[in-house]
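The structure appears below as structure tokens.
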Amino acid sequence: MHIISIVNQKGGVGKTTLSSLLAFYLLDKRGARVLAVDLDSQRNFSHTLRQFAVNIPTTALFDDPWVKLPEVRQGITLIHGSPHLANLERATAAEAHRRVRSFAAQLATLRGSFDYCLLDPPPTLGIRMIAALASADFVVMPIELEEYSTQAVKDMLQTVYGVRQQWNPELKFLGIIANRFTHNSVRQKAALRDLLENYQEYLLPVKISTRSAIPRALEEGRGVWQLSSAAARDASIEVLHAFDTLMKGMVQATADLEGEPA
């Protein structure tokens, strides 16, 4: 099971949208068994994937007793978020350490049951984001191009490398995806130039534009490529290219770690 965390310490960048689309991509285009874990108390990931929910809240993954899933089905299995997730952040340093370790250990026991696990943490640095990064094999960062994009990337990279040093030395940063891109925005083009100047090695050669077909598809609980409109076809081209690029990056990163040709 490949564990992927989709993270950003800034909200409103389309993180959960990307997580949801990736879940449908892995199901529809890869025929994969996908475990989706909603770590955000706002529960937007859970809402989009509600048809796949099992009766297990994400808070259970932070407890010591092992979570027992029902028989794993083909497709997506959602461990749903709850408002109580926010309470996890109220912990002593020792308790926070135990919770992060418990979460990582519980996911490790599920590795044989799924092909992929997608983690959708909240857009704030805390126990849940640390747990998501400490457990993951790969991390992806969506951003919305704006004036503060460079600072957001700097902050997130510091967090990723800090977790890699303290918790998870095998964590691999796949890159940054420009999300909610507006082609005629002078402001966004300026932010993109700034990112290319400072973080070109991290910026993936893909972008996902702002298109009305994407939220429509997610509200219907399916991938945008399943809609028949022209806007959906245009969105699908970008989204599928972005995820194909991510999959290639995962293969390359794994090969680099193992010292083998991709």
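What the table below lists for this structure:
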item	result
The chain: DSSP helices with Cα axial extent of at least 24 Å and average Kyte-Doolittle hydropathy no lower than 0.0	230-258
Region 184-252, relative contact order in percent, only Cα pairs under 8 angstrom and at least six apart counted	26
For Leu78, distant residues with modelled amide H under 5 Å away	Ala36, Ala53, Val54
Estimated [θ] at 222 nm from DSSP helical runs (n ≥ 4, -39500 (n - 2.57)) normalised by residues in the chain, nearest 500	-14000 deg cm²/dmol
Value of relative contact order over region 103-192, rounded to a whole percent, pairs C-alpha under 8 Å and six or more apart	33
Sites Ala86 and Glu220 - FRET efficiency at Förster radius 22 Å, r taken between beta-carbons, to 0.05	0.15
Length-normalised contact order of the chain in % [C-alpha pairs under 8 Å, at least 6 apart]	23
Heavy-atom accessible area per residue - region 111-260, 1.4 Å, Å²	46
Carbon and sulfur %, accessible surface of the chain computed with the full protein complex present, 1.4 Å	50
Gyration tensor verdict on region 147-243 (Cα atoms; rounded if a/c is under 1.5, prolate if a/b is larger than b/c, oblate otherwise)	oblate
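The values are calculated or read from the model by the stated rules, or taken from the named source; none is laboratory data. Computed from a predicted model, the values in this text were never measured in an experiment. Quick reminder, even Gly has a Cβ in these numbers, built from the backbone with ideal geometry, and neighbours come from all protein chains shown. Quick note on the areas: whole protein, heavy atoms, side chains included, nothing else; ligands and nucleic acids left out. Shrake-Rupley method; radii C 1.70, N 1.55, O 1.52, S 1.80 Å.
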